[in-house]
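Notes follow the structure.
The values are calculated or read from the model by the stated rules, or taken from the named source; none is laboratory data. Because the structure is a prediction, the values reported are computed rather than measured. Note that we place each Cβ from the backbone using ideal geometry, even for glycine, and neighbour counts take in every protein chain shown. Accessible surface is based on the protein model in full, side chains and every heavy atom, while ligands, DNA and RNA are left aside. Shrake-Rupley method; radii C 1.70, N 1.55, O 1.52, S 1.80 Å.
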Amino acid sequence: MKFTDGYWEILPGVTALYAQEAHDVWEQDGGLVAYAPTKRIAGRGDTLNRPMLTVSLSSPAEGVIRVRIDHHQGTRGRGGFDLPGDDGSRVGEVSVVDGVGTLTSGALTATVGEGAPWSLEFSSGGERLTGSGHRSVGYVTDASGRSFVHEQLDLGVGEHVYGLGERFGPLVKNGQTVEIWNADGGTSSEQAYKNVPFYLTNKGYGVLVDDPGAVSFEVGTESVERVQFSVEGESLEYLVIAGPTGKDVLERYTALAGRPALVPAWSYGLWLTTSFTTDYDEATVTSFIDGFAERDLPLSAFHFDCFWMREFSWTDFVWDPRAFPDPDAMLARLHDKGLHVCVWINPYIAQRSPLFAEGAAAGYLVKKANGDVWQWDMWQAGMALVDFTNPEAVAWYQGYLRQLTAQGVDSFKTDFGERIPTDVVWHDGSHPEAMHNLYAQLYNQAVHEVLVDERGERDAVVFARSATVGGQTMPVHWGGDNSSSHVSMAETLRGGLSLSMGGFGFWAHDMGGFEGLPDAGVFKRWVAFGLLSSHSRLHGSSSYRVPWLFDDEAVDVTRSFTKLKLSLMPYLFQAGVEAHERGVPVMRPMVLEFDRDRAVVHVDTQYMLGSDLLVAPVFSADGTVEVYLPHGRWTNWFTGEVVDGGSWRTERHGFDTLPLYVREGAVVPVGARDDRPDYDYVDGLTLHVFPGPDGVREVTVTDQATGEPTVFRVERRGGAAEVTGPEGATLPALVVRAS
């Protein structure tokens, strides 16, 4: 939200007051407090009849400093996020000498000194990272009488901002206005399903605005030299998180906000769905699954979308008997084929559903201020919302999910959760604006808990669309409603890369596009991209996504890339372990892996899959693609060609390949099976050793069933390689791809 008209003027009807100086700075409760009047105090009379802002600094964890700005402290706010890594304790060292206060936490130091102009600086290792200066801390009233608090943090020369959730525009957020407000807007708009008020920069720090309500970011737009963030109300709270690298920032941030769960190996395999509004029944499902088997297309999971339930009844958790007369037997048959089963759900209860009357009578549905159940006719006629702030409502909803898991359902696609009204009253008294974004968290948490309880932590996975801070702890997330075009494929990737900069470790998208029917070329390009993503799902809106409906080559492309992914499971599963342990995503923007290479700061058409594989999807009909290879030697996975990096390459690919390059010095573990994702990775393992300098590299392969790691030591000498492993372990075969 903008408040100014250029540098000199304020927008009509807006009143803006800024922290002009730090009048007093002192230590309090292990932190710092500064009084910042909105006028320079030259005499005692200046202390009268003027607002003052109280700025408090504390450190909840090493390398993290929290800043709170208050106007009127007695005003009820929206609260903050549930941050598991913040137990309320305070760390760091505080010093106030000659009116200059410092708070040091790990390598991060905040400094605020008495006097004018207002100045709050953050530094690390003696280097200034960012700061809040003149006309940065502001208390603003607009023409309608609403009050806002904002902060502005400096941007340095060449500094680029990333993150802020799943955003489908350019990966670099400089020059963008970003509104943190969950919305069901598709992938071709500035709206987002997953809004996360956290950003990081290539200067080696991150910022989390700890407010679950509407947060407005002006990234180099209100002032081109600053990032501004503002919230309505009387207070603003944010945390600065130290690096020095982007990976370090994500590690600290996810230690605070929660790390991704470790998803089961089977979930990495290919998922097929009924699609949305297509006609289907058990015979249709069986024909698709048998068709995959007949064509040697490995399939891991089958998903039933909305119409597994009867129309107008969503959500009642009852199989439509017209299409699925014996669901228990059907699910057993699917399991006998080695498949896992996912079903679509949402948190909305249609009026036709028997659960509506049941939930309304028990007080489990969200209400208006007058006590009526909140309803509307969007999506489902007479639709109401489950009130997940009510523990009894949560248990009620979960009870129906447990019935489905007892039937044989293995996972849930948690759709929707974005269109949450603010003119309602919540059971626990939560602030209505805060609950708009937080609803997604409570909804997914209720579902994920059931899967953990019923299937165990190592086998629980949801397929979620909406999220906010904390959502990363309950993977997997997919990118929402895209369209069937090369352009939409590219915007989908941008959304996933942007989301990954918020610690979301696992991500999928609708291969082929959701809306419309892709031509065969788009489908084949998207399949190659999708099967080199952490998770891979074929899904559409009004048309099926089985490959033989496009052409015979689509079958071949689906087969070859599925088998490639399954053979790479020892490598991919280990990347998932790193996401779980460190918060570093499986799919990574180039700048996250090569933060010292200025050429990658804007690159959002390619990514790193784990630390060693570079993937550049083809977004053109004729197969032309530009790919940037950072400095070093890179090996083409398909041809074995070794090329020098540090430049852009233009390539043309058929449908059977795409730019897939291996980083210099990599050792990629390749499994012995390509028919399923959940197998013994060490049995028959091959280590592919790629060009690199002489030296030693350790390769960890984690057992997908037990979580036990096996570490192999690979020593490269003069073009040859030797492997050693734990005592008694069978050593993998070596393939030296080039010297």
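Structural remarks
- Prolate/oblate/rounded label for the chain (Cα gyration tensor, a/c 1.5): oblate
- When the convex hull of its Cα atoms is viewed from all sides, region 277-421 shows a mean projected area of 9.2 nm².
- Rounded to whole Hz, the Karplus (6.51, -1.76, 1.60) HN-Hα couplings of region 21-34, x for glycine and proline: 6, 9, 6, 9, 9, 8, 7, 8, 6, x, x, 10, 10, 10
- Rounded to the nearest 20 debye, the dipole size of region 202-335 about its Cα centre is 560 debye, using +1 on the Cβ of Lys and Arg and -1 on the Cβ of Asp and Glu.
- Angstrom value of the Kirkwood radius, inverse mean 1/r, which spans all Cα pairs in region 418-475: 12.3 Å
- Average silhouette area of region 51-200, convex hull of alpha-carbon atoms, in square nanometres: 11.8 nm²
- Calculated SAXS-style log₁₀ I(q)/I(0) at q = 0.12, 0.22 Å⁻¹ - region 457-524, Debye, Cα scatterers: -0.34, -0.90
- Cα gyration tensor, region 115-272 - rounded (a/c under 1.5), prolate or oblate: oblate
- Heavy atoms of residue 737: accessible area, 1.4 Å probe, square angstrom to 10: 70 Å²
- Distances between placed amide hydrogens fall under 5 Å for residue 106 paired with 63, all partners being 5 or more residues away or on another chain.
- Counted by Cβ distance under 13 Å from residue 666, the other residues give a net charge of +1, where Lys and Arg count +1 and Asp and Glu count -1.
- Computed E for residue 395/residue 328 - FRET, C-beta separation, R0 30 angstrom, nearest 0.05: 0.80
- Tilt relative to the chain, helix 552-567 - C-alpha long axis, 0 to 90 degrees, to 10: 70 degrees
- Take the Cβ atoms of residue 14 and residue 370, set R0 to 45 Å, and the FRET efficiency comes out at 0.85.
- These residues, 207, 91, 394, go from largest to smallest accessible area, 1.4 Å probe, as 91, 394, 207.
- Accessible area (Å², 1.4 Å probe, nearest 10) - residue 364: 40 Å²
- 20 Å cut-off, amide nitrogen to a point 7 angstrom out along residue 648 Cα→Cβ, residues in region 163-184: 169-174
- For the chain: accessible area per residue (Å², 1.4 Å): 35 Å²
- Share of carbon and sulfur in the accessible heavy-atom surface of the chain [1.4 Å probe, %]: 48 percent
- Global form of region 659-717, assessed from the alpha-carbon gyration tensor, a/c cut-off 1.5: oblate
- Order of exposure, largest accessible area first, which applies to 194, 203 with probe 1.4 Å: 203, 194
- Between residue 519 and residue 91, the modelled label-to-label distance comes to 5.6 nm, taking each label 7 Å out from Cα in the direction of the beta carbon.
- Only Lys, Arg (+1) and Asp, Glu (-1) charged, at Cβ; the chain dipole about Cα centre in debye: 820 debye
- When only alpha carbons are used to place a centre, region 544-558 and region 687-712 end up 35 Å from one another.
- Using the Stokes-Einstein relation with a Kirkwood hydrodynamic radius computed over Cα pairs, the translational diffusion coefficient of region 541-699 at 10 °C and a viscosity of 1.306 mPa s comes to 93 µm²/s.
- Rounded tilt (10° steps) of 327-336 against the dominant C-alpha axis of the chain: 70 degrees
- Treating each Cα of region 162-212 as one equal point scatterer and applying the Debye formula with no solvent, the log10 of I(q)/I(0) at q = 0.23 Å⁻¹ comes out as -0.87.
- Karplus-derived 3J(HN,Hα) values for region 716-732, using 6.51 cos²θ - 1.76 cosθ + 1.60 with θ = phi - 60°, are 9, 9, x, x, 10, 9, 9, 10, 10, x, x, 4, x, 7, 6, 7, x Hz; glycine and proline are entered as x.
- Ranked by the mean number of other Cβ atoms within 10 Å per residue, highest first, peptides 628-634, 167-173, 98-104, 63-69 order as 63-69, 167-173, 628-634, 98-104.
- When only alpha carbons are used to place a centre, region 118-140 and region 302-334 end up 56 Å from one another.
- Probe 1.4 Å, all protein chains present, accessible-area order of 564, 497, largest first: 564, 497
- The share of C-alpha pairs in region 222-357 whose separation exceeds 17 Å stands at 73 percent.
- Theoretical ellipticity at 222 nm over the chain - DSSP helices of four or more residues, -39500 (n - 2.57) apiece, nearest 500: -6000 deg cm²/dmol
- Gain on full stretching of the segment that runs from residue 713 to residue 683 - 0.36 nm per residue minus C-alpha separation: 9.1 nm
- With θ taken as phi - 60° and the Karplus curve 6.51 cos²θ - 1.76 cosθ + 1.60 applied, the whole-hertz 3J(HN,Hα) list for region 498-506 is 5, 4, 4, 6, x, x, 7, x, 10 Hz, x standing for glycine and proline.
- Of the residues 373, 558, 712, the one whose Cα sits farthest towards the positive end of the charge dipole of the chain is 712 (charges of +1 on Lys and Arg Cβ, -1 on Asp and Glu Cβ, taken about the Cα centre).
- With a threshold of 27 Å on the Cα-Cα distance, the over-threshold entries among 194/247; 173/413; 173/563; 173/367; 2/368 are 173/413; 173/563; 173/367; 2/368.
- Angle in degrees between helix 432-455 and the longest Cα principal axis of the chain, rounded to the nearest 10: 40 degrees
- Amide H contacts of residue 536 (H built 1.01 Å from N, under 5 Å, at least 5 apart or other chain): 271
- Between residue 134 and residue 624, the FRET efficiency estimated from the beta carbon spacing at R0 = 45 angstrom works out to 0.35.
- Distance between modelled label sites at residue 379 and residue 720, nm, 7 Å Cα→Cβ extension: 6.4 nm
- Separation of the residue 422 and residue 697 label points, Cα + 7 Å toward Cβ, nm: 5.1 nm
- Residue 626 exposes around 110 Å² of accessible area when a 1.4 Å probe is run over every protein chain in place.
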